[in-house]
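Engineer: Okay, here's the structure, questions in a sec.
The values are calculated or read from the model by the stated rules, or taken from the named source; none is laboratory data. This is a predicted model, so every value here is computed, not measured. Cβ coordinates were reconstructed from backbone atoms using ideal geometry, including for glycine residues, and neighbour counts include every protein chain displayed. When the accessible area is computed, the model is the full protein with side chains, heavy atoms only, and any ligands, DNA or RNA have been set aside. Shrake-Rupley method; radii C 1.70, N 1.55, O 1.52, S 1.80 Å.
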Amino acid sequence: MDTTQPAGEDLVKHFPNAKEDSHTLAYRFNETGEGLCYYSSGRVAMAVSNVGDHQKRFYVYDDDKDKTMLCSLNELAVGFAINNTRKHSNRGARLVLTKGGGVYSNGEGTIQNEWKWDRKAQNAGVIPASGIVMPLNKNFKLAFEDRFMISITYEVEGIIRHFDCGLKLKRMDSYLDTATRNNLGRLEITSSDYRTLNQRQTDFALSMTALRNKNNPKSENLSSMVNAIVGDLESHFDTYDSDKRSLPSLHLHAAKVDAFNTTCSELPKIKRTDTDIHFEGGYSSALYLDSKSASSYKF
C-alpha cells in the first residue's frame, strides 16, 4: 500500500486548464508510490523514490531555473526544509532534522527551538506543542509534529496531494519491552514467536529435508498416483552400488594353476640325461620322468 497516496487518489493527474502547447501533467506515480510532481511551468516540483517496501525519500524543488532544493527527507526522517516563499515575513526559516534531534530557526537565523529525540537525554529540549507549519514556497507546505508525523502538501492550480514523510518502522516496540527476569537474573523473552537455538536448528533440518525430498524425492513422500512407480525404481536401483561391487566370477589364481597342470599333463615326458641342464620352475620339471619311471624307460 502506498503510504503517500490516500485511498481513491489518482496515480496520474493533469492540469485542468492547461493550454494544448503547454505542460499539462501535474503528477505521475506508480503503484508503489514512486513518481514526480510538476509545476505548471513543466519544471519538476517533487520527486519520491522508494528505499524499501515501506520507506521512501522525498525531494522538493523550487520553481526556478536553478532548481533550488527546498526540502529533502530520507527514509529515517533526516533532512531539512527551508521557507523560500517570496515576500513572506519569515522567508529563510529552516527546519533541520538529524538522527539525534532537530533545530528550527526563523528567517533571521535565530534558533527558536532545539530538541533531541531521546526525551530522557540531558538538555533534551522541547518540540513546539503546536508543531511547526512552514511554507516552502507558494505551492508547498510542510507540517511537522515529530519525526513520525511529517507531511508535505502539494498544491498547484487547484490540484492537491498530501505526502506522509514521517519515519516508518516495521515495528514500534522492542522484544525487551515484554521481557522479564527470572530468579537467576536472566532475561526471559515472552514473545509468542520467540524461537530458541534448538528450535531454529530443528526448523533448519526440516527445511533441508524438504529440499532433499524435492531434489531426490522418496516414494513415501509422494502421492498415491506415483509412489508405486517410484517405489519399484527404488527397489531396483537403490542396491546398485552394492551389486556392482560383487566378487568377480573368475578366480584368477586357481584358473592359472589349473591351466598349468592341464598343460603339463599333455606334454610327452622323456628321460633326463647327464648333459641336460637342470632348471627350476616352469615346464622343465614336467618334461622329465621321475627316477622310478626313468629306470624302465625305453626309446
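Engineer: Taking all protein chains together and a probe of 1.4 Å, list L252, L222, L233 from the most accessible to the least accessible.
Structural biologist: Putting L252, L222, L233 in descending order of accessible area: L252, L233, L222.
Engineer: How big is region 117-264 on each of its three principal axes, counting only the C-alpha atoms and giving the largest first in Å?
Structural biologist: 119, 59, 38
Engineer: A follow-up question, please. List the chymotrypsin sites (Phe, Trp or Tyr not before Pro) in region 167-241 that DSSP assigns to loop (not H, G, I, E or B) and whose Cβ has at most 15 other Cβ atoms within 10 Å. Which are they?
Structural biologist: Answer in residue order: Y194.
Engineer: Now a separate question. When ligands, DNA and RNA are left out and all protein chains stay put, how many square angstrom of accessible area per residue does region 8-72 have with a 1.4 Å probe?
Structural biologist: 56
Engineer: What is the distance in Å between the Cα centres of region 36-106 and region 147-210?
Structural biologist: Centre-to-centre distance over Cα atoms comes out at 28 Å.
Engineer: Evaluate Rg over Rh across region 7-136, taking Cα atoms for both radii and Kirkwood's formula for Rh.
Structural biologist: Numbers: Rg = 17.5 Å, Rh = 16.8 Å.
With Rh from the inverse mean 1/r over Cα pairs, Rg/Rh is 1.04.
Engineer: A follow-up question, please. For q = 0.19, 0.21, 0.25 Å⁻¹, what log10 I(q)/I(0) does region 146-231 give under the Debye formula with an equal point scatterer on each alpha carbon and no solvent?
Structural biologist: Log-scaled intensity ratios, in q order: -0.98, -1.06, -1.16.
Engineer: Right, something else. Would you compute, from DSSP H runs of 4+ residues alone, the mean residue ellipticity of the chain at 222 nm, taking -39500 (n - 2.57) per run and dividing by the full residue count, rounded to the nearest 500?
Structural biologist: Estimated from H runs of four or more residues: -5500 deg cm²/dmol.
Engineer: Please report the carbon-and-sulfur percent of the accessible area for region 150-221; probe 1.4 Å, protein heavy atoms only, DNA, RNA and ligands left out.
Structural biologist: Working: 2840 of 5560 Å².
Carbon with sulfur: 51 percent of the solvent-accessible area.
Engineer: What GluC sites (Glu not before Pro) does region 132-186 have in DSSP loop regions with at most 15 other beta carbons within 10 Å?
Structural biologist: Within region 132-186, the qualifying GluC sites (Glu not before Pro) (loop, at most 15 other Cβ atoms within 10 Å) are E157.
Engineer: Something else: So what is the accessible area of region 133-221 per residue, in Å², with the probe set to 1.4 Å?
Structural biologist: Spelled out: the 1.4 Å probe surface of region 133-221, per residue, equals 72 Å².
Engineer: Work out the P(r) tail for region 61-166: percent of alpha carbon pairs separated by more than 17 Å, whole number.
Structural biologist: 53
Engineer: Measure off 7 Å from each Cα along the Cα-to-Cβ vector at R200 and L169, then give the distance between these two points in nanometres to one decimal.
Structural biologist: 2.2
Engineer: Right, something else. If you count, for each residue, the other Cβ atoms within 10 Å and average over each peptide, how do 117-127, 41-51 line up from highest to lowest? Working shown, then result.
Structural biologist: Values: 117-127: 11.4, 41-51: 16.4.
Final packing ranking: 41-51, 117-127.
Engineer: Here is a further query. Rank by packing, highest mean first: peptides 90-103, 68-81, with packing defined as the count of other Cβ atoms within 10 Å averaged across residues.
Structural biologist: Packing order, densest peptide first, comes out as 68-81, 90-103.
Engineer: Oh, and also: In whole angstrom, how long is each semi-axis of the equivalent ellipsoid of the chain, when you take the square root of 5 times every eigenvalue of its Cα gyration tensor and sort them from largest down?
Structural biologist: 97, 29, 23
Engineer: Restricting attention to region 156-204, which trypsin sites (Lys or Arg not before Pro) occupy a DSSP loop and are surrounded by at most 14 other Cβ atoms within 10 Å? Numbers along the way, then the final one.
Structural biologist: Details: sites: R161, K168, K170, R171, R181, R186, R195, R200; in loops: K168, K170, R171, R186, R195.
Answer by residue number: K170, R171, R186, R195.
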